[in-house]
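Bear in mind these aren't lab numbers, they're just calculated from the coordinates by the rules spelled out. Because the structure is predicted, anything quoted here is derived from the model rather than measured. Virtual Cβ from ideal backbone geometry, glycine too; neighbours counted across all protein chains shown.
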């Protein structure tokens with residue numbers, strides 16, 4: 001299968017691109033390297049030293065299989081992107097090419113506006129290129145669990161669609177889950193859903209939207225093969241996901257920082273599972289186009305406090321509670337269906353000490369790169 | 001009250017700006033004149049000869065009251081727009097600054113992409129300017145009935161929110177009406193709603209979203225005062241709304257063209273009512289910011305076939321049925337609540353022969369400008 005991976009130089013994109021190659025697919029990465037640019041803008045860095053794209057591609061070709069890349073800013077360069085799709089003829093396009101940090105999207109008008117402008121225009125340009133070039137291309141998009149919100153009224157979280165009775169007509173209908181995003185970033189993923197609904201309805205496009213939990217870990221089977229293939233590891237207050245931040249804090253001998261009570265229950269997934277789930281979705285396109293296929297891409301749920309306690313118990317280190325910069329419930333319950341991906345063969349990697357150990361090893365190996373002043377940098381909203 | 005009218009040179013924006021001035025408000029128009037540009041792009045024209053903006057503004061100042069304008073492309077020039085908001089200090093911003101033709105938004109990738117890029121970025125930039133300058137500014141946005149869709153399962157159309165029972169929890173909740181837009185244009189208004197929901201939730205912005213029916217007519221009390229104040233009258237297949245197209249066809253002695261069966265029931269509103277409703281909404285801001293206030297801005301419902309028959313009976317002229325270029329139900333039922341605006345004093349102008357006559361007079365007076373080849377130009381989707 002020929003798979004184009006948009007945003008294939010990023011934290012989820014790169015290990016997924018390698019996984020796809022390792023599973024026998026032909027991969028073309030399209031990226032504008034904006035994530036590397038934002039590191040400079042924020043004076044932040046990956047705890048791991050990531051290789052430049054040419055070294056990454058050369059090593060991957062040598063060690064794993066056929067992979068190439070093109071520098072295109074998809075939000076800005078529609079014609080170039082469309083031409084590449086026309087020439088390369090992918091069977092599947094995997095779309096990670098969005099600004100993906102909630103805190104970044106809430107810094108100021110500049111970041112809010114960039115996030116909306118980039119994310120919406122990339123998604124829309126990709127849909128248009130598919131309509132214009134080949135409506136049979138399967139689009140696999142990385143969405144987020146964060147669109148659902150945490151209302152008790154809605155019950156356990158289904159996969160994208162909620163069954164309700166309309167009180168005025170007493171009819172039972174499946175509706176797109178009414179979203180309640182918690183940041184501008186999450187809002188863009190909720191808006192993406194409306195783009196998918198319409199392009200599916202009007203042009204019968206084949207679309208899989210993966211509502212992913214919070215990713216932890218950094219390495220996969222493939223990124224471990226060579227130093228040139230190593231993945232990003234973000235630990236800062238803006239791009240570091242919560243568990244990776246805790247691990248870095250433990251490694252740096254500073255307190256683990258919980259925002260609010262820690263009672264926020266969230267869905268988690270290891271980066272190895274991200275790469276495997278996206279591959280499964282790509283390898284098993286929807287069999288009909290009656291609606292957008294939505295899967296929850298999550299392995300398990302856990303509160304932020306439970307997470308901190310696992311790390312603290314294992315590696316020492318105190319826990320410090322800080323005012324929550326986000327507007328969110330202090331505590332919530334959460335139960336999530338992940339039947340869709342399980343039906344395709346997904347077997348989740350669960351949080352456990354040996355795996356966290358693995359990640360901690362990374363953190364320790366590279367903690368010389370850790371800039372302590374970057375750990376607590378979340379904007380307040 | 002100081003009211004900024006974005007898109008205030010357009011078909012709905014201009015008569016609304018004049019209405020607001022006539023009701024004693026101070027008005028600042030912001031426009032990039034994109035609608036005049038699209039006339040050149042499509043080789044279409046307004047049946048009425050509209051004055052240039054300077055003549056419009058001079059005459060309005062002389063005959064009605066204080067009004068000014070600035071040329072700003074709000075999607076592209078955030079800093080300029082924000083500075084104007086800072087300097088001029090509006091109490092209310094009325095937002096018409098979106099590409100508003102469904103057929104235009106479905107011509108090709110260029111128009112689809114322009115519609116999304118412009119409409120989303122204008123709305124988002126306006127919200128950001130309000131957050132950054134003064135979160136007390138009341139935003140009044142022109143939305144569309146077209147976001148609702150026409151499903152029987154959902155019953156009569158409420159004002160923005162639908163009461164449902166979640167079957168898994170048996171809880172009754174009001175949700176944002178699950179949208180089912182029929183074009184890329186309508187989809188952008190559906191996406192706008194998500195922007196409003198989030199900015200209202202996070203910053204408590206005061207927002208009124210007016211879901212408007214299909215506008216007919218062209219003149220208002222104010223636009224009739226002077227030839228320099230005359231409003232646009234679009235009759236082409238792209239920008240002409242259905243009733244205005246029928247009136248032009250009758251005036252030009254060509255058949256009235258119905259796409260599909262004519263059984264499509266739609267909500268209508270006269271342009272005089274548009275101007276009055278927006279003024280009412282602006283003069284009566286929401287008293288709390290718990291949620292976005294949504295009103296249906298409609299006067300009555302009627303099928304397309306009924307409309308054609310009124311015109312045909314009165315003025316002669318046959319009715320010709322054409323294949324429907326749109327993907328939509330051949331016929332539908334529709335009942336719409338407009339309690340919100342009625343509670344503020346709105347008394348709808350209903351479709352009747354004398355009023356249509358008034359519009360027909362315009363059409364006849366200016367039919368020398370009518371380019372017959374522009375009447376049937378809708379793209380197929």
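So here's what we get for this one:
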item	result
log10 of Debye I(q)/I(0), alpha-carbon scatterers only, for the protein assembly as shown at 0.06, 0.07 Å⁻¹	-0.39, -0.53
Spherically averaged projected area in nm², based on the convex hull that wraps the Cα atoms of region A:34-115	7.1 nm²
Other copies of residue A:288: label-to-label distances in nm, shortest first, labels 7 Å along the beta-carbon direction	4.4
Residue-averaged 222 nm ellipticity for chain B, from DSSP H runs of 4+ at -39500 (n - 2.57), nearest 500	-11500 deg cm²/dmol
Relative contact order (%) - criterion: Cα under 8 Å, at least six apart; region: chain A	21 percent
Antiparallel bridge percentage (DSSP; both residues within region A:2-374; nearest 5)	20 percent
Modelled FRET efficiency - R0 41 Å, residue A:161 with residue B:313, Cβ distances, 0.05 increments	0.30
Protection-proxy order for peptides B:18-24, B:313-319, B:225-231, each taking the mean of Cβ atoms within 10 Å per residue, highest first	B:18-24, B:225-231, B:313-319
Average beta carbon contacts from partner chains per residue of A:129-135, 10 Å cutoff	1
Residue B:33/residue B:373 FRET efficiency (R0 25 Å; Cβ-Cβ; nearest 0.05)	0.55
Two-site FRET efficiency, residue B:61 against residue B:337, from Cβ-Cβ distance with R₀ of 51 Å, rounded to 0.05	0.85
Distance between region A:49-114 and region B:3-67 - C-alpha centres, whole angstrom	43 Å
If the convex hull is drawn through the Cα atoms of region B:304-376, its volume per residue in Å³	163 Å³
Euclidean distance between Cα centres, region A:234-266 to region B:229-290, Å	55 Å
Cα gyration tensor, region A:66-190 - rounded (a/c under 1.5), prolate or oblate	oblate
Segment residue B:204-residue B:2, length gained on full extension (0.36 nm per residue, minus Cα span)	70.6 nm
For peptides A:134-144, B:126-136, sequence by mean Cβ density within 10 Å, most packed first	A:134-144, B:126-136
7 Å along Cα→Cβ, label-point gaps from residue B:37 to other copies, nm, shortest first	2.3
Cα→Cβ-extended label distance, 7 Å offset, between residue B:322 and residue B:151, nm	3.1 nm
Average projection area in nm² (convex hull over Cα atoms of region A:1-138, one quarter of hull surface)	8.3 nm²
P(r) of region A:2-374 over all Cα-Cα pairs, binned every 20 Å from zero, in whole percent	29, 61, 10, 0
Cα centroid separation - region A:323-349 against region B:366-381, whole Å	53 Å
Residue-averaged beta-carbon neighbours from other chains (10 angstrom radius) around B:109-121	4
Per-selection Kirkwood Rh - region B:67-137 (Cα, Å, 1 d.p.)	13.1 Å
Cβ-vector label at 7 Å, residue B:373, separations to other copies in nm	6.7
Per-residue average of Cβ from other chains inside 10 Å of A:169-180	5
Peptides ranked, highest mean first, by Cβ atoms within 10 Å: ranges A:37-49, A:171-183	A:171-183, A:37-49
Tensor-based shape of region B:1-64 (alpha-carbon gyration tensor, a/c under 1.5 rounded, otherwise prolate or oblate)	prolate
Principal semi-axes in Å for region A:238-381 [√(5λ), Cα gyration tensor, largest first]	31, 19, 14
Distance histogram in 5 Å bins (all Cα pairs of region A:119-257, percent per bin)	2, 8, 13, 14, 15, 15, 14, 9, 5, 3, 2, 0, 0
